[in-house]
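Take a look at the structure below.
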Amino acid sequence: MAGLDKEIRRFGHPGAGRRQSSPYPKGRQIDPAAAADIARILKGRSLARDLLIEHLHAVQDDTGCLAARHLAALAEAMKLPLAEIFEVATFYAHFDVVDDDEALSAPVTVRVCDSLSCAMAGGEALRESLEKTAGQDGIRVVRAPCMGRCHQAPAVAIGHQAVAPATVAKVRAAASATNAKPALPDYRDLEAYRGDGGYRLLQDCVAGTRTVDDMIGVMEASGLRGLGGAGFPSGRKWRFVRAEPGPRLMAVNADEGEPGTFKDHHYLSRDPHRFLEGMLIAAWAVEAADIYVYLRDEYPDIREILLREIAALEASGLAKGRRVHVRRGAGAYICGEESAMLESIEGKRGLPRHKPPFPSQIGLFGRPTLIHNVETLYWVREIVERGADWFAGHGRNGRKGLRSFSVSGRVREPGVKLAPAGITVRELIDEFCGGMEDGHAFKAYLPGGASGGILPATMGDIPLDFDTLQPHGCFIGSAAVIVLSDKDDLPAAALNLMRFFEDESCGQCTPCRVGTEKAVKLMQAARWDRALLEELSRTMMDASICGLGQAAPNPLLSLLRHFPDDIPG
């Protein structure tokens, strides 16, 4: 104490003479007007942590962007660190995070798809034309990844409106009505579906007329495998999840972000209750009380349909004992990976988890979770009512079942084609797509979307199914077939795909984050360094955490293998 007294006599009270603290509080202060906006927007909504992405959507839908002042007010309302709000908001492509001064004059945003099918249909020229008059039209033009309208290319999105096929005139007209609700297709509602025997199977299951073991047995006998791309046997998945201790959950992957894929949109826009009944049956089988449907943000029309029809289901009592939550994606291809999807449903960045444990053991909110793709569930009722042999009885070239092929590119009649598993691409083009476009000769095809590789027309007789394409460095994935012709630049197509992977990498692991960036630079060179590209590809495939980085080199490697004469230099 004597020493302290001496110091005080010499220097005054501790702290005297030091820099005085600021009279203003530290950190970003909450703007009262922004806080009032957030209170109004979130009125009546839960502030649970897992709803962060839903709330970010609500704010952007209301204000047109995500201004810094609104993010700060949202962080205060949800009692979350502002840094956490910012890192989630900036992770997803569809969130427009802007400074406060920019928000005052935020223009209408026009997103022009730059994925392969749209690029082949003139998407780049469309974007350039729109950019020339963007200022006078009062719009902002940006590139965007696949929108699930590959068969109607080129595609554009303006708010909740999709314009496809798009022209400058159509885009300008749509830009003047950005607050309009999405136009809904003519679909079968609950009443029409029940009139055709819908939900009898679900009622039989709930009433005990059909047992869980019986249902799982039918699913296993049918040979139905996951149709989102992984191909895991569906009945076995039900059995695995049911064996885990409860409570259990269910998550539906409706985030078909693979360029060239649009089959889920096709089925949901026509017969949503066939999917919903299959979903409820699967949830019943694993005793999941809560179901989370993760729907890509590019499908606002499907979101409107699901919200309407799920509400009708709940009112009818058919969904008794099950709660269905529709969660909205925000433009992140990586969230098609099952564990990244779970992270996004929890309101976080879509970063893939390390496995094991697998989601069937520790999934959504740490609980055992059954994860299915939309189309897989769509077939449940059909398979059970018609019998496992009916589904397994389809197929060609020794394969079994049916596949929904999303076909785009240089064919006369693109679209979703329900065809036998094992059909060849030549048969698919000739029998289901009306042949090639006039003036185009078949040169190459992508059998499984952006990550499935590229094969030459000379290999057009390979059966399209699980496990048939791997020997050739490709895979079928979600059966997104993109057809290229002699008029297409194959190296440019491969570069387009690699740029997509570069943009969509979540950045969590170095092989994928850096590897895709370096691959793009090497592929832009006038002369390709084949040895270096192959070494880089092997590193990405061997060391990346998830399927994005592991499959990103497939188009490049298949080009090097099957089209050596087309390689620059």
Subset of segment 290-313 (residues that are in contact with a strand residue (DSSP E or B) (Cβ under 7 Å, 6 or more places away or on another chain) and in a helix (DSSP H, G or I)): I302, R303, L306, L307, I310
Which listed residue is in a loop (DSSP other than H, G, I, E, B), touching a strand residue (DSSP E or B) at 6+ places or on another chain (Cβ under 9 Å) and modelled with pLDDT of 95 or more, from E427, E431, E413: E413
Taking the residues in segment 434-475 that are at pLDDT 95 or above and assigned to a helix (DSSP H, G or I) as candidates, determine which candidate is least open to solvent (accessible area, probe 1.4 Å). A457
Qualifying positions in segment 514-537 - in contact (Cβ under 8 Å) with a residue 12 or more places away in the chain and open to solvent by 70 Å² or more (accessible area, probe 1.4 Å): K518, Q524, A526, R527, R530, E534
Quickly run through segment 314-367 and pick out the residues that are in a loop (DSSP other than H, G, I, E, B), over 21 Å from A283 (Cα atoms) and touching a Gly at 6+ places or on another chain (Cβ under 7 Å). A332
Can you find a residue in segment 369-377 that is touching a residue at least 12 places away in the same chain (Cβ under 8 Å) and assigned to a loop (DSSP other than H, G, I, E, B)? no
Would you say T90 is farther than 28 Å from S505 by Cβ, within 26 Å of the chain's Cα centre (by Cα) and either modelled with pLDDT of 90 or more or open to solvent by 50 Å² or more (accessible area, probe 1.4 Å) (or both)? no
Starting from segment 385-413, take each residue that is of a type in the set (D, E, K, R) and list its partners that are surrounded by fewer than 16 Cβ atoms within 10 Å (Cβ to Cβ), counting only C-beta distances under 6 angstrom and pairs at least six apart or across chains. R412/G434; R412/G435; E413/G434
Scan the helices (runs of 4 or more DSSP H) fully inside segment 58-106 and keep the ones with 1 or more residues being in contact with a Leu (Cβ under 8 Å, 6 or more places away or on another chain). 68-78, 82-89
Residues that are hydroxyl-bearing (S, T, Y) and assigned to a helix (DSSP H, G or I): does segment 499-519 have at least one? yes
All positions within segment 69-128 that are out of contact with any helix residue (DSSP H, G or I) (no Cβ under 7 Å at 6 or more places or on another chain) and β-branched (V, I, T): T90, V98, T109
If the requirement is being open to solvent by 10 Å² or more (accessible area, probe 1.4 Å) and in contact with a Phe, Trp or Tyr (Cβ under 8 Å, 6 or more places away or on another chain), which of these qualifies: V206, V286, V218, V252? V206
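The values are calculated or read from the model by the stated rules, or taken from the named source; none is laboratory data. Note that the structure is predicted; figures quoted are calculated from it, not measured. As a convention, Cβ positions derive from the backbone with ideal geometry for all residues, glycine included, and neighbour counts pool all protein chains shown. Accessible surface areas use protein heavy atoms only, side chains included; no ligands, DNA or RNA. Shrake-Rupley method; radii C 1.70, N 1.55, O 1.52, S 1.80 Å.
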